[in-house]
Amino acid sequence: MKKALLFVIITLTGFNLFSQTIHLKSVSETQELTKSIAKLFQENKTGEAFEVISLHWPLHQNELADLRSQTIRYFNLFDERFGKTRGIVKTNNETIKDIALRETYLILYDYHAIRLIMTYYKNDQGWVINTFKWDDSYAEKFR
């Protein structure tokens, strides 16, 4: 009986977690969201960026908190290593029919750039963030 009750509680918690995700209604909304998130990262408002991301990403809060803390730690070092930010540039927009969308931005610093990649997935309710990634590897853009 205890196992069954525990299963029901975990299941309902999981449904509650996913039901609170805000779905975007159009591709233009995903593009606006990605641009606003890239701008927050450019302004080193990483915590605010993750607040926005968490509204649209059905990821468990513990996983999101870990990613957030690691990202904040690194982005705080970038000004020292790469200089001041100079802006953002959208470098790529890819789609898979009407079910997936990936947008790529570069955050430009004085001496380097950081790549942000947002992938969205469309379900019956609309678009949600499926993957968020950042790195300093943009060499593939030269191909």
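All of the numbers you see were taken from the coordinates with simple rules; none came from a lab. The shown structure was predicted, so the numbers you read here are calculated from the model rather than taken from an experiment. FYI the Cβ positions are ideal-geometry reconstructions off the backbone, even for glycines, and counts take in every protein chain you see.
Before moving on, here are some points about what is shown:
- Dipole in debye (nearest 20) - region 24-138, about Cα centre, beta carbon charges: Lys, Arg +1; Asp, Glu -1: 200
- Largest to smallest principal axis extent of the C-alpha atoms in region 24-138, angstrom: 44, 30, 19
- Sorted fewest first by neighbouring Cβ atoms within 10 angstrom, Val89, Val128, Val52 come out as Val89, Val52, Val128.
- Cα-based Lys proximity count in region 24-138, under 27 Å, for pairs eight or more positions apart or on separate chains: 26
- Remark: the Cα gyration tensor places region 56-122 in the oblate category, a/c being 1.5 or greater and a/b not exceeding b/c.
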